[in-house]
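Just below is one structure, and these are the notes that go with it.
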Amino acid sequence: MKSLWFCDTAIGKIGIAEENGELTDILYPGENPDFDYTYKETPLIKEAHKQLSEYFNGERKKFDLPLRIDGPPFQTKVWNALMEIPYGETRSYKDIAVRVGNPSGSRAVGCANGKNRLPIIIPCHRVIAADGTLGGYGGGLNMKKFLLNLEIKHR
């Protein structure tokens, strides 16, 4: 069973979940868990909260946390490619599709982004449309703009 704790951050109260020593989920403010959990703050959740706070303060550009990345092989490839996008930079859905070996898979990349259970840590906010528009985002476009602007400011 996952442990879940809600923590105050620069974007509001977020949920951080872990299971068996791996981070499994980040829940945006107002988002409810769709999994069974125990309400408990663990050492890993404390560390994740610390690293997220450092990120929001512009002090951390890369996370160092054990992650559980569960998904079909294509989604896993996409999520790993997202973690290669440098802080403060963006890539298009097409760029990621090419990177994972499926040049015509821009929509599939978008779907994989939507299934990302570890937003911010797996930085799906850094993926934009080929024409430079933001496209969709699970936390909403204002959240995506906030995260991108934060990174540009602290680059």
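Read the figures in this text as sums done on the coordinates, not as results from a lab. Everything quoted here is computed from the prediction, not taken from an experiment. Counting neighbours? That spans all protein chains shown, and the Cβs are built from the backbone with ideal geometry, glycine included.
For region 86-114, enumerate the residues that are without any contact (Cβ under 8 Å) to a residue 12 or more places away in the chain and among the basic types (Lys, Arg). Passing the criteria: none in range. Hey, could you check region 1-42 for residues that are of a type in the set (A, V, I, L, M) and more than 14 Å from the chain's Cα centre (by Cα) and say which is farthest from LEU148 (Cα to Cα)? The residue in question is MET1. Of the residues making up region 32-49, those that are part of a loop (DSSP other than H, G, I, E, B) and touching a residue at least 24 places away in the same chain (Cβ under 8 Å) are PRO33, PHE35, ASP36, LYS40, GLU41, THR42. The set of residues in region 112-140 that are surrounded by fewer than 18 Cβ atoms within 10 Å (Cβ to Cβ) and either within 14 Å of the chain's Cα centre (by Cα) or on the phi > 0 side of the Ramachandran plot (or both) comprises GLY114, LYS115, GLY132, GLY135, GLY136, GLY138, GLY140.
Put simply, of ALA17, ALA48 the only residue that is in contact with a Lys or Arg (Cβ under 9 Å, 6 or more places away or on another chain) and buried (at least 17 other Cβ atoms within 10 Å of the Cβ) is ALA17.
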